[in-house]
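To keep things clear, I will list the structure first and then write my remarks on it.
Throughout, read-outs are computed from the coordinates displayed, never taken from laboratory work. Values in this document were obtained by computation on a predicted structure and should not be read as measured data. Methodologically, a virtual Cβ is constructed for each residue, glycine included, from the backbone with ideal geometry; neighbour enumeration extends over all protein chains shown.
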Amino acid sequence: MKTTAFSTALLAAALTAGCGSKTDPNEKNFGAALSQYLEKKGELCLGFSKWPIDVTETDLRLEKTMPSGTAGRMAALERAGLVSSAMTEIEEKSYITGTPMKFTVKRYTVTEAGKNYYREWEVDSFRSDGVKKVKLGDLCYGRKALQKVVKWEGPMKLGDYQEAGVTYLYKIDGLSDWAKRPEIQATFPTIPRTLEGAGKTLQTHGVKLTSEGWEANGLN
């Protein structure tokens, strides 16, 4: 009986040690923190913010010589079926005289198909009459996810505060078919760079120790 009780105690201690603590600086805890961060902040988008997007006549004339300019980008997205365009007239004040002036622009809006990839969020806009919420939006083509933790530095301690720098490799989940199109990649060069970097390019992000365990910086 004594031998059995002793063996059981040893097994329980081993299991407890194997489980570890959520506050331990290890690959599992750092990986969980980075995965949580990428799930919330890892969406890959084109870099737009305000819609609709107006393309001026000057931009349209430069489309062939500057394919990655605004006109070329919007034309590629239209051919992919994500946006549609229509010529319209807008009025703006002259920067010099303040006199209202009318301009013809090509206005692009997100199509029904494009709405499957459209993400919208709110930000604070600071104005003379106070802070107001402003809606921004973008077209997104996938999401970075954690492939593996490569190494870490630290944790560095300052009193009760602890922080570590974690280096990792990413993969891409949910890559949209339209992001694979050659004309899209030609006009949005960040897309092929991001795709080529999956599983190869090292990324580093900071994590901090909280009462709930390790958490990536910038999560909230």
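Things worth noting here:
- Relative contact order %, the stretch 22-216, counting alpha carbon pairs below 8 Å whose residues are six or more apart: 25
- Computed from the C-beta positions of residue 103 and residue 63, the FRET efficiency with R₀ = 25 Å rounds to 0.90.
- Check: the stretch 22-216 dipole with +1 on Lys, Arg Cβ and -1 on Asp, Glu Cβ, in debye: 300
- In Hz, Karplus ³J(HN,Hα) per residue of the stretch 207-213 (6.51, -1.76, 1.60; θ = phi - 60°; x = Gly, Pro): 10, 10, 8, 10, 5, 9, x
- Quotient of C-alpha Rg and 2.2 N^0.38 Å, computed over the stretch 22-216: 1.32
- Pairwise FRET efficiency - residue 87 versus residue 185, Cβ, R0 = 25 Å, nearest 0.05: 0.35
- For the stretch 36-82 versus the stretch 155-218, the spacing of their alpha-carbon centroids is 23 Å.
- Counted charge near residue 45, where neighbours are those whose Cβ lies closer than 12 Å (Asp, Glu -1; Lys, Arg +1): +1
- Exposure rule at most 14 other beta-carbon atoms within 10 Å, DSSP loop GluC sites (Glu not before Pro): the chain longest free segment: 1-111
- Around residue 175: net Lys/Arg minus Asp/Glu count, Cβ-Cβ under 13 Å: +1
- Residue-count net charge about residue 152 - beta-carbon cut-off 15 Å; Lys, Arg +1, Asp, Glu -1: 0
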